[in-house]
Amino acid sequence: MNKECLEFYSHIFEIITPIVLFFWFLYSRRSNFKKEYFKEITGFYGGFISNTVNKSAGNIRFDGGITLEIFDIDDNGYFRGQFNYTEEKVVMGNGPATTNLATASVNFFTGRLFYHLNFAFYRKRNPLLWNSNRIYNGEMYTVMRLDFMTDNEDNVLKSVYKIAHHRESRVMEFNVNKINNQPSALPKSFVLFKSYNHMMDPYKNVKATLENY
């Protein structure tokens, strides 16, 4: 190999090396950031439901609520958990309002959230303004049970919800995308807030309110 070839390959190496190092840096940082993000996901969530399955009319009102727990999540964003959905029927008249249980269900789910690097470093993140948050998308699959192994998810799948996670606000939006061969006794959309201390605990607040009806 002559001197000119050596100089040529040397220049190529000088050009390629920083590019490779840059992409390796991005990959390693992305892996760390992804793990940090997924650690924020597990825990308890709660929210009151306005668009209940049963519809309010006249002097009859339906109040609903969901309490949800995400048990665990792996490094690829796959998670699983359980949520309770409750609706109370409130009848208002001349006397005191009466309440009765209208719907109650325990629901199991799996799902996945997709992480991506956000390069909008200049943008201010306000937890009170959802649209200023970093938003991560995913899906939740309600299933008949969690203790199963199958090669065909339709055997246990009940419904699919699209998820939009507003990171700084600790809020998840759910919108139904598919109902699998059966009427759904769940709302088509709902918003849940994460509990993170004893002063901000939507899970316990929703649960206590529904239990006191």
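The values are calculated or read from the model by the stated rules, or taken from the named source; none is laboratory data. Quantities reported herein were computed from a predicted structural model and do not represent experimental measurements. Here the Cβ positions follow ideal geometry from the backbone for every residue, glycine too, while neighbour counts run over all protein chains shown. Accessible surface areas use protein heavy atoms only, side chains included; no ligands, DNA or RNA. Shrake-Rupley method; radii C 1.70, N 1.55, O 1.52, S 1.80 Å.
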So what is the diffusion coefficient of the stretch 81-134 in µm² per second by Stokes-Einstein at 10 °C and 1.306 mPa s, using a Kirkwood Rh over Cα pairs?
98 µm²/s
Run the reach check for residue 89 against lysines, Cα to Cα strictly under 18 Å, same-chain hits fewer than 8 apart removed. What comes back?
55, 207
Show the residues, 5+ positions off or on another chain, whose built amide H is closer than 5 Å to the amide H of residue 195.
44, 45, 46, 203
Apply the Karplus parameterisation 6.51 cos²θ - 1.76 cosθ + 1.60, with θ equal to phi minus 60°, to every residue of the stretch 104-114 and state each ³J(HN,Hα) to the nearest whole Hz, in sequence, with x for glycine and proline.
8, 8, 10, 10, 9, 8, 10, x, 8, 10, 10
Just read off the accessible area of residue 106 with the full protein assembly in place, 1.4 Å probe, to the nearest 10 Å².
80 Å²
Which aspartates and glutamates, on any chain, are close to residue 34 with Cα under 19 Å apart, when same-chain ones fewer than 8 places away are left out?
72, 74, 75, 139, 168
Rounded accessible area of residue 129 (nearest 10 Å², 1.4 Å probe)
100 Å²
Computed Rg/Rh for the stretch 61-213 (Cα atoms; Rh = Kirkwood radius) stands at 1.02
Per residue, the convex hull enclosing the alpha carbons of the stretch 127-193 has a volume in Å³ of 102 Å³
Calculated FRET value between residue 94 and residue 175, using beta carbons and R₀ = 30 Å, to 0.05
0.15
Could you let me know the centre-to-centre spacing of the stretch 55-113 and the stretch 141-178, using Cα atoms, in angstrom?
15 Å
Over the heavy atoms of residue 62, what accessible area does a 1.4 Å probe trace out, to the nearest 10 Å²?
30 Å²
When the accessible area of the stretch 58-124 is split by element with a 1.4 Å probe, what percent falls to carbon and sulfur?
52 percent
Using each residue's phi in the stretch 189-197, evaluate 6.51 cos²θ - 1.76 cosθ + 1.60 at θ = phi - 60° and report the 3J(HN,Hα) Karplus result to the nearest Hz, with x for Gly and Pro.
8, 6, 10, 10, 10, 7, 7, 9, 6
